[in-house]
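Structure, as structure tokens:
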Amino acid sequence: MAASDHVNLEQFMEGVQRRNPGETEFHQAVYEVAVDIFDFIADKEIYHEAQILRRMAEPDRVISFRVCWEDDNHNIRVQRGYRVQNNNAIGPYKGGIRFHKSVNQSILKFLAFEQTFKNSLTGLPMGGGKGGSDFNPKGKSDAEVMRFCQSFMTELYRHVGEDTDVPAGDIGVGAREIGYMFGQYKRITNEYVGVLTGKGLEYGGSLVRTEATGYGAVYFLQDMLSEAGEDMEGKTVLVSGSGNVATHAAEKATQLGAKVVTLSDSGGFVHDPEGFTQEKIDWVKEHKNKQRGRISDYVDEFKGATFHEGERPWGVECDLALPCATQNEISKEEAETLVKNGLKAIAEGANMPTVNEGVEVFREAKVLFGPAKAANAGGVAVSGLEMSQNSARISWSADELQKLLRDIMEGIHGSCLEYAKGTDGYVDYAKGANIAGFKKVADAMLAFGVV
Ligand code: NDP
């Protein structure tokens, strides 16, 4: 095919939109990658001929299933479960399970697509997948969550396996849910294998997995700053969310001498101008994740802090930002406000927290921007290490794992840099991550022929 016969970016996106009607988050995620990849492959005929990007944007399979369970009042409830297996060119599918009322096929397809590039960047042999359900764990009893997880796994078990597809946690899926799902998998298959990661330490989990995503995002931020001749010391940081990723990002940023002044949940954000100390972060972890309370309660516990109902933290003055809640939580206008208030660098702990127009605002203002697929890859990297430990039936020490996590994040930063340096000196990490993530998967796909 002559170069002029290739579809251009607009035609490619028209096709994606036509084949995936109404799946706006999926369109957004594919577009964000396609912009950089079209540029990169402009003079690389082989990727065009093999239709590599088109194949990557078509999941290997999308599995959708009914999940029935009984609530404590004996009502029968019906939810929808999913597993999107996007691409296994470089290893078994790997990616979290999300339980949230907003979950739908579009969100899981975007997450599975992103995961493919992220996993490639870690340098570990993992393909990309994602799953979940529109089940809302909020306000449910432990017994209800257990019955739901067991019912969910009763269907999912036939699609996953230690060498096939290894899910993990995500929003609404933590240690409790992983425990219930692992128990049900073991019960059905009579096999004790590493089919899930994020497991409890007593039954095959890895040290440092819980901290890995948040810590990794801060390491990435630290590496971007260091490349620019700066550090974290004394910087004011905005963090959104108050779950696993947010609390550990706040913890590591604090340990590195920065001052974290916000945390949030879907009800609003807390502003603590004094900064979150370790003691305060421990309180949030216990209150939000164990007691399943609300972040608004923080102001009753710690004087001087204020709660801003229904708002996001991006209007507070800061040097650095770590969005760690959910997708599309920084709009174009909020990105502009952050820039106006002096933002120097941002690392995405959550998946796709910034809308594409917001990313453009950061790029134009030359704000250092660590995209999710690079910045939050620490979690899946330690999940990959959990798989290795399970296969070898060994456990590594926290020190060893901390060092491996630090090295992997440094490696990801280095891979991004390879393709990220522009002629004006600005390091475009989003572009670097897209190209570095793409190349490894694409070359593996070429090796397999037309499959
Ligand atoms: P958690 O369930 O532990 O915490 C999620 C947090 O985000 C909660 O504070 C929640 O508030 C808030 N949140 C969720 N939805 C919304 C919303 N619509 N608006 C405002 N706040 C919201 O999840 P994680 O910390 O594990 O995940 C957070 C993000 O990080 C997600 O994007 C996830 O995909 C990503 N991620 C997670 C990894 C991991 O290892 N856990 C790995 C890589 C990425 P509330 O309690 O009110 O719901």
Test residue 395 against the stated conditions and say whether it is under 22 Å from residue 129 (Cβ atoms) and open to solvent by 10 Å² or more (accessible area, probe 1.4 Å).
-> no
Residues being in contact with a helix residue (DSSP H, G or I) (Cβ under 9 Å, 6 or more places away or on another chain) and open to solvent by less than 60 Å² (accessible area, probe 1.4 Å): count how many of those fall in segment 309-332.
-> 14
Which number in (1) in the same structural domain as residue 299 (by TED's automatic domain parsing); (2) without any contact (Cβ under 8 Å) to a residue 60 or more places away in the chain marks the one condition that residue 182 misses?
-> (1)
Kindly indicate whether any position in segment 141-159 is out of contact with any Gly (no Cβ under 6 Å at 6 or more places or on another chain), in the same structural domain as residue 103 (by TED's automatic domain parsing), open to solvent by less than 10 Å² (accessible area, probe 1.4 Å) and aromatic (Phe, Trp, Tyr).
-> yes
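So, of the residues in segment 248-280 that are of a type in the set (S, T, N, Q) and closer than 21 Å to residue 309 by Cβ, which turns out to be most open to solvent (accessible area, probe 1.4 Å)?
266
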Would you list the strands (runs of 3 or more DSSP E) that sit entirely within segment 319-406 and hold 2 or more residues that are within 16 Å of the ligand (Cβ to nearest atom) and not hydroxyl-bearing (Ser, Thr, Tyr)?
-> 320-323, 345-347
Among the residues of segment 1-43, write down those that are open to solvent by less than 30 Å² (accessible area, probe 1.4 Å) and of a type in the set (Val, Ile, Thr).
-> 16, 30, 33, 37, 41
Can you name the residue in segment 67-76 that is open to solvent by 20 Å² or more (accessible area, probe 1.4 Å) and in contact (Cβ under 8 Å) with a residue 60 or more places away in the chain and is also nearest to residue 437 (Cα to Cα) among such residues?
-> 68
Scanning segment 200-216 for residues that are among the charged types (D, E, K, R) and crowded, with 23+ Cβ neighbours inside 10 Å, which turns out farthest from the ligand (Cβ to nearest atom)?
-> 211
Boolean, residue 131 is within 14 Å of residue 384 (Cα to Cα), within 13 Å of the ligand (Cβ to nearest atom) and under 15 Å from the mean Cα position of the chain (by Cα) | no
Does segment 405-427 hold any residues that are surrounded by 19 or more Cβ atoms within 10 Å (Cβ to Cβ) and closer than 24 Å to residue 166 by Cα, and which are they?
-> 405, 408, 409, 412
Conditions (1) touching a residue at least 60 places away in the same chain (Cβ under 8 Å); (2) open to solvent by less than 60 Å² (accessible area, probe 1.4 Å); (3) not polar (S, T, N, Q): number failed by residue 46 = (2)
Being open to solvent by less than 50 Å² (accessible area, probe 1.4 Å), part of a helix (DSSP H, G or I) and either among the hydroxyl-bearing types (Ser, Thr, Tyr) or closer than 26 Å to residue 368 by Cβ (or both), is that true of even one residue in segment 160-183?
-> no
Scope segment 333-356; condition within 27 Å of residue 98 (Cβ to Cβ), over 16 Å from the mean Cα position of the chain (by Cα) and surrounded by 19 or more Cβ atoms within 10 Å (Cβ to Cβ); matching residues | 334, 335, 338
State all residues of segment 87-123 that are more than 15 Å from the ligand (Cβ to nearest atom) and part of a strand (DSSP E or B); if no residue qualifies, say none.
-> 87, 93
Going through segment 234-244 in order, the residues found to be open to solvent by 30 Å² or more (accessible area, probe 1.4 Å) and either within 22 Å of residue 402 (Cβ to Cβ) or within 13 Å of the ligand (Cβ to nearest atom) (or both) are 244
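Kindly indicate which of 109, 130, 94, 138 is buried (at least 24 other Cβ atoms within 10 Å of the Cβ), more than 25 Å from residue 22 (Cα to Cα) and assigned by TED's automatic domain parsing to the domain that holds residue 169.
The match here is 94.
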Boolean, residue 60 is open to solvent by less than 30 Å² (accessible area, probe 1.4 Å), of a type in the set (Asp, Glu) and away from the ligand (no atom under 14 Å from the Cβ) = no
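The values are calculated or read from the model by the stated rules, or taken from the named source; none is laboratory data. A quick note: this is a predicted structure, and the numbers were derived from the prediction, not measured. Note that we place each Cβ from the backbone using ideal geometry, even for glycine, and neighbour counts take in every protein chain shown. Note: areas computed on protein heavy atoms with side chains; ligands, DNA, RNA excluded. Shrake-Rupley method; radii C 1.70, N 1.55, O 1.52, S 1.80 Å.
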